[in-house]
Amino acid sequence: MKRLFLSLSAIFGVALLFAQTQQDGRRFLYHQRTKSAKEVFEKLLTANPADVEANYWLGQTLLAADDLAGAKAHYAKAMVATTQNPLIVVGAGHVELLEKKNAEARAHFDAALATTKNKKNKNYGDANVLAAIGRANADGSSEFGDAEYGIQCLKQAAELDPTNPEPMVSMAIAYLKRGPDNGGNAKKALDEALFRDPKHARAYVRIGKLFESQKNTSILLENYNKAIEVDADHAPAYLSLYTYYQNRDVNKAKEYLDKYVATADKDLETSYFAADYLFRAGRYQESLDAAKAIEAGLNGTSYPKLNKLFAFNYDRLNDSIAAKNAMERYMQTEQPEKISVDDYSMSAKTYLRVPGNEAQADAAVEKAVAADTSVANKIEIMKQMAAAYAAVGNAEAQFRWLDKAYQLSPDNSARNLFFMADAAMKSKKYEDAMRISDTYINLFPDQAQGYTFFRNAAVAQDSDTSKGTAIAAVDRQSQFLMGDTAKNRKKIIFNAGYKIVYYLTKSKEYNKALESANAILTLEPGNVYGLQAKEISERFLAPPAVRQAPEKKPAAPKPNGAKSK
């Protein structure tokens, strides 16, 4: 009986092996279940080491799992097993692109195409080979591959295989590698993918990502949810919704995290995001403990972003040095194309929380700005750096980064101009404060802040009221304030007092001093200072014979030249 049971088990095992097909493996990979996909393709290759499709897709699975070294070794072995089948040759070229060996990769691609071209397929080559070349050139950031070449191959693949949506998805990714101006082309390619297969969840997720980069909330959510509607097993859609809500609605984030864990392979990723959720929920020590448990089980496996989670938790637990060290490890070990704007901001923040690390913070962000090809991303990096400096009270550096962003592409929103003028004032960059606040006034003439900054900067530049260079700025503010004398009476009187000090004690323009005194008395007839200034001004304007008292100077407003509020 025992022998019979063993025989049945063996038969069932063989049946299970052959029940799993390349389609099963590719379906797992489509759902980003790389662990399951790898198991399927490895079993298929155990049965047939020369299986071209299984060899190619196992290499793609290893690349999707960020195992570049494993993929390289696998494709080298597969080149022998398949006698350099064109599809495997393209796989080897894909690895070379990610190693930035562009010339070697192109040679492999051209060789693969040369062996598959014939009149039957319009001399393009094999559709699968063309799609694989396009997929390779779409992979990675804009630093990798040749997006234009990839797009041409994908167009040919799409023409030869008119019902397959995948070349169109790869084409959309390749278009985006050409720059943000290609968003429209990317969207058209994704729309075509959905025309070919209305249930292609991956295309919906890609559309969602496209609109997420544009901060179009309604459309991104519509597409993420549509992906789930057409394919309830598509784990990337749940993960996209989790990352969208993680900083917005922690309860909703948990809902999608649970669905992601239920549909994804149980691996480092699912463990990581469970620990990440604990951080988002404010359970920092629990998140830290979960991260340490993951680290203990790595057994030498590289998993850089775990360091980022350490950094965030240590930061919230007020261990600044541990946060800085963890973020340094992350930035040093993560693939550059996976480091986000928020990561650079966090890196700067952790540096700045440990005094003496300002140079490292600036250097990290300068590197990020230089590496990013998107102007919008460069500006976002600079603004987040400015916010990090503001958090530690360094107004000079805050303004420096805000102004760099402004020079790259002016943000003339009232909010941005306010923060720029405020930082310039706090760092005593008065000319810059006047430059920014002048723009503020011209664009938003009905808002008081611009006039206040402009006036205060001008007054600060003439701290002893000896030059009179702030008079025009004071008048400019007062003219605005006159729009509501009941509300602004004290400020208007204060400005008139500032002018009186200059006219009586510096420029000796007694007629102008009298005008300012009368302006005060118009608003407040019994104002003591206004009465005193009027009396002294009239005395100096009278003929010499009429003067009955020695020259006096009126008391200056206190504090002299103070900022208006």
Points 7 angstrom from Cα along the Cβ direction at LYS426 and THR115: gap in nanometres? 6.4
Alpha-carbon Debye profile of region 117-192, log10 I(q)/I(0) at 0.12, 0.13, 0.17 Å⁻¹: -0.29, -0.34, -0.56
Two decimals is fine: what's Rg over Rh for region 321-366, C-alpha atoms, Kirkwood radius as Rh? 0.93
Could you tell me how far the Cα centroid of region 369-392 sits from the Cα centroid of region 169-188, in Å? 24
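How do the peptides 43-52, 233-242 rank, highest first, by the average count of neighbouring beta carbon atoms within 10 Å per residue?
Values: 43-52: 15.6, 233-242: 23.5.
Peptide ranking by packing, descending: 233-242, 43-52.
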With each label point set 7 Å from Cα along the Cα-Cβ vector, what nm distance links GLU524 and ALA376? 5.1
Once both axes come from the Cα atoms, what is the angle between helix 305-316 and the longest principal axis of the chain, in degrees from 0 to 90, rounded to 10? 30
Under 8 Å for C-alpha pairs, at least 6 residues apart: give me the relative contact order for the chain, rounded to a whole percent. 5
Set LYS324/LYS428; LYS215/LYS252; LYS43/LYS266; LYS38/LYS188 screened for pairs whose C-alpha atoms are more than 21 Å apart: LYS324/LYS428; LYS38/LYS188
Please list the three semi-axes, largest first and in whole Å, of the ellipsoid equivalent to the chain, using sqrt of 5 times the eigenvalues of its alpha carbon gyration tensor. 69, 25, 20
How large is the direction-averaged shadow of the alpha-carbon convex hull of region 345-490, in nm²? 10.0
I need ASP24, ASP464 ordered by Cβ neighbour count within 10 Å, fewest first. ASP464, ASP24
Span from the region 194-264 Cα centroid across to the region 311-359 one, whole angstrom: 29
Evaluated at 4 °C with a viscosity of 1.567 mPa s, what Stokes-Einstein diffusion coefficient in µm²/s does region 249-305 have when Rh comes from the Kirkwood expression over alpha-carbon pairs? 109
Just name one of THR469, ALA359, VAL369: the one whose Cα is farthest towards the positive end of the charge dipole of the chain (beta-carbon charges, Lys/Arg +1, Asp/Glu -1). THR469
Could you work out the relative contact order of region 183-267, using alpha carbon pairs under 8 angstrom and six or more residues apart, expressed as a whole percent? 21
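Obtain the radius of gyration and the Kirkwood radius of region 198-266 from its C-alpha atoms and give Rg over Rh.
Details: Rg = 11.2 Å, Rh = 11.7 Å.
Here the Rg-to-Rh quotient is 0.95.
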When the scattering of region 289-336 is computed by the Debye formula from its Cα atoms alone, each counted once and equally, what is log10 I(q)/I(0) at q = 0.15 Å⁻¹? -0.36
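So what's the net charge close to ILE219: Lys and Arg +1, Asp and Glu -1, counting the other residues with Cβ under 12 Å from its Cβ?
Here the charged neighbours net out to +2.
Full extension from ARG489 to ASN102: what is 0.36 nm times the residue separation minus their Cα-Cα distance, to one decimal in nm? Walk me through the numbers on the way to the answer.
Working: separation 387, 0.36 × 387 = 139.32 nm, distance 7.11 nm.
Extending this stretch completely gives an extra 132.2 nm.
So if we plug the beta-carbon distance of ASN216 and GLU286 into 1/(1 + (r/R0)^6) with R0 = 30 Å, what FRET efficiency do we get, rounded to 0.05? Present the calculation step by step, with values, prior to reporting the outcome.
Details: r = 34 Å, r/R0 = 1.15.
About 0.30, to the nearest 0.05.
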Sequence ranges 279-285, 365-371, 511-517, 126-132, ranked by mean other-Cβ count within 10 angstrom, highest first: 126-132, 511-517, 365-371, 279-285
Given the Cα-Cα distance of SER413 and ASN511 and 0.36 nm per residue of separation, how much length would full extension add, in nm? 31.1 nm
Taking only DSSP H segments of four or more residues, each worth -39500 (n - 2.57), what value at 222 nm results for the chain once the sum is divided by all its residues, to the nearest 500 deg cm²/dmol? -23000 deg cm²/dmol
Would you mind computing Rg(Cα) / (2.2 N^0.38 Å) for region 418-552, counting N as its residues? 1.17
Taking the Cα centre of each part, how many Å lie between region 407-465 and region 141-157? 47
Just tell me which lysines come within less than 16 Å, Cα to Cα, of LYS426; anything on the same chain fewer than 8 places away is out. LYS563, LYS565
Stretched fully, the stretch from VAL230 through SER142 gains (0.36 nm per residue minus C-alpha distance, one decimal, in nm) 28.6 nm
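Net charge around SER345, counting only other residues with Cβ within less than 10 Å of its Cβ (Lys, Arg = +1; Asp, Glu = -1)?
With Lys, Arg at +1 and Asp, Glu at -1, the neighbours total -1.
Read-outs: derived from the displayed coordinates by stated rules, not from any lab. Note that the coordinates shown come from a computational prediction; the quantities given were computed from them, not determined experimentally. So basically every Cβ, Gly included, is an ideal-geometry build from the backbone, and we count neighbours across all protein chains shown.
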